[in-house]
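The values are calculated or read from the model by the stated rules, or taken from the named source; none is laboratory data. Since the model is a prediction, treat every value here as computed from it, not as a measurement. Backbone-built Cβ (ideal geometry, glycine too); neighbour counts: all protein chains shown. Keep in mind that these areas ignore ligands, DNA and RNA; they rest on the heavy atoms of the full protein, side chains included. Shrake-Rupley method; radii C 1.70, N 1.55, O 1.52, S 1.80 Å.
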Amino acid sequence: MDFGSSKKGSAKDKLTADWLAIRFMPSTSTQSELPKIKVSARGAARLKSGHVWVYRSDVVSADGVLPGALVTVTDQRGKPLGAALYSSSSQIAIRLISHEPVADFPALLRQRIADAIAYRERIVRDTDAYRIVFSEADFLPGLIVDRYNDMLSLQILTQAMDAEPVRSAIIAELSERLHPASITERVDSRVRELESLPPRASGLLHGEKTSTVFTMNHIQFHFDAVEGQKTGAFLDQRENYAAAAQYAHGEALDVFCYQGGFALHLAAKCSHITGVDSSRPALEVADQNAALNQELLGQKEIEWIEANAFDLLKDYSAASRHYDTIVLDPPAFGKTRRDLDAALRGYKELNLRALKMLRPGGILITCSCSYHVGPSDFLEMLGSAAVDARRTLRLIEVRGQAKDHPVLLNVPETAYLKCIIAVVSQ
Ligand code: SAH
């Protein structure tokens, strides 16, 4: 997920691990001794409304505050608003981590990780793959941890979370609580550049295991953390896969199928399944995933087609091809608010073509993972596509992301996935 934009830092701003480490030396300091950052009235109002970010334009003074530092945020009169992590580079300058003073950040971090694990134990079912830590939604901004069976995969997205003592505390807590065979790190070089962090390679942080097989909703998938053959699932769709399978039937087309998440879930219910994606490596893993589930699939073969989805849908609808179930799960079209119109045009084109191809009683499963395309924008787009396609749609389910990707009320950016399941009436 992309949590907003950051400014690109110059090479000389690149931070060294040592420099970061110094600021996180164990200390007994109290909040009053932390560096202070003063925010504007607008920034203070944002925090008071329950959000956890303050943008750089609302920082009044951050003199001498080091990149990634734990700070006390104050309003313009100097009244403390809480403890936060500072980024010298991102447009999101401040991410609040507590309304209370924080004396020992690594200890707080460990407690938050323990809480996040306990939350999943309560609410996650039918899977050994799920998100254990979801950044702001778990009050751990800049940290994402996914579990794939006996392996953990971690992503660090901010200066503060990249500091060596912070990394050590994260790894220690995860290892002690979950005893994973290994912990790997997935590095997004663009994120590191935006945070002015030095380049770093993806790879093992703990243990030696680099691949495993995980199970969700009784279906098995490969996970490989090694560069080159790297895989990883869209865990946020896990509950939507199971929901979609309830209504799927007949001939099914899974567009933007990646490694077969929807296709494999629909297979048991459908007579014929075709998966479409532009990525050959993704389709190769999809085929390996199908082989893992041979028992479930029986004699059924899933057909994988490497193609541009826009072209394929255009050709198929022109050729009057028909289906009983169509899944549309494209990548995020709109990365910023400015892209909204173009994103909606893209979604409309896909949905219009899919609707034209659905037989009466057919099921459309249509998704958007663009935060900037809100639920009402998406439904409005779908309504307009239905009118243009001269089809009547009934909504069966209006869904979001799986529960292990919690939505934090008052932090709208934590809700990004939309998944609509609808039926085309006779
Ligand atoms: N439905 C999948 C996730 C899809 S992610 C799941 O549940 O696992 C989006 C996918 O769209 C990626 O696999 C990417 O390779 C593919 N993609 C991006 N642009 C595409 C295009 N123009 N045509 C076809 N596939 C595309």
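In whole percents, the pair-distance distribution calculated for the stretch 241-379 from its alpha-carbon pairs, binned every 10 Å from zero, is 13, 42, 35, 10, 1. If you take all other residues with their beta carbon under 12 Å from the beta carbon of ALA342, and give Lys and Arg +1 and Asp and Glu -1, the sum is +2. Summarising the overall dimensions of the stretch 258-334 from its C-alpha atoms, the Rg and Dmax are 12.8, 40 angstrom. Dimensions of the stretch 88-175 from C-alpha coordinates, computed as largest minus smallest value along each principal axis and given longest first, are 40, 25, 23 Å.
Relative to the compact-globule estimate of 2.2 N^0.38 Å, the Cα radius of gyration of the stretch 137-233 comes out at 1.08.
Which value does Rg/Rh take for the stretch 65-106 over its C-alpha atoms, Rh per Kirkwood?
On the way: Rg = 10.1 Å, Rh = 10.6 Å.
On the Cα set of the stretch 65-106, Rg over Rh gives 0.96.
Sites listed here are chymotrypsin sites (Phe, Trp or Tyr not before Pro) in the stretch 370-426 whose DSSP assignment is loop and whose Cβ has at most 10 other Cβ atoms within 10 Å, and the list is empty.
Just reorder VAL398, VAL423 by solvent-accessible area, largest first, 1.4 Å probe, all chains present.
On the way: VAL398 95, VAL423 35 Å².
From most accessible down to least: VAL398, VAL423.
Here, P(r) means the percent of Cα pairs in each 5 Å bin from 0 to the largest distance; for the stretch 235-291 it is 5, 22, 29, 26, 15, 3.
Relative to the longest principal axis of the Cα atoms of the chain, the long axis of helix 105-123 makes an angle of roughly 30 degrees. When nucleic acids and ligands are ignored and a 1.4 Å probe is applied, ARG110 ends up with an accessible area of around 70 Å². Taking the DSSP beta bridges with both ends in the chain, the antiparallel portion is around 65 percent. With all protein chains in place and a 1.4 Å probe, the accessible surface of the chain carries 51 percent carbon and sulfur.
Using C-alpha pairs under 8 Å with a sequence gap of at least 6, the mean separation divided by the residue count of the chain gives a relative contact order of 12 percent. Please find, in a Gaussian network model of the chain (springs between Cα atoms separated by less than 10 Å), the residue of LEU352, LEU253, LEU66 whose mean-square fluctuation is greatest. Looking only at LEU352, LEU253, LEU66, the biggest GNM fluctuation is shown by LEU66. The Cα-based radius of gyration and maximum Cα-Cα distance (Dmax) for the stretch 57-210 are 16.1, 53 Å.
Across the stretch 184-199, computed HN-Hα scalar couplings (Karplus, 6.51 cos²θ - 1.76 cosθ + 1.60, θ = phi - 60°) run 10, 10, 9, 9, 9, 5, 5, 4, 5, 5, 5, 8, 6, 9, x, x Hz from first to last residue, x flagging Gly and Pro.
Cα extents for the stretch 187-227 along the principal axes, largest to smallest and rounded to whole angstrom: 42, 23, 14.
State the volume of the convex hull built on the alpha-carbon positions of the chain, expressed per residue in Å³ and rounded to an integer.
Values: hull volume 59.5 nm³, N = 426.
Convex hull volume per residue, Cα atoms: 140 Å³.
Counted over the stretch 348-426 with a bin width of 10 Å, the fraction of Cα pairs per bin, in whole percents, is 19, 49, 23, 9, 0. Extent of the stretch 269-310 along its three principal axes (Cα atoms, max minus min coordinate, largest first): 31, 20, 11 Å.
Give the relative contact order (percent, whole number) for the stretch 290-362; include only Cα pairs under 8 Å separated by 6+ residues.
Numbers: 38 pairs, mean separation 29.2, N = 73.
In percent, rounded to a whole number, it is 40.
Annotation: per residue accessible area for the chain equals 44 Å², rounded to a whole number [probe 1.4 Å, protein chains only]. Using alpha carbons only, how many degrees (0 to 90, rounded to 10) separate the axis of helix 238-247 from the longest principal axis of the chain? On a 0 to 90 degree scale, this one is about 20.
What number, rounded to the nearest 500 deg cm²/dmol, is the helix-based mean residue ellipticity at 222 nm of the chain, given -39500 (n - 2.57) per DSSP H run of at least four residues and division by all its residues? Per the formula, -9500 deg cm²/dmol.
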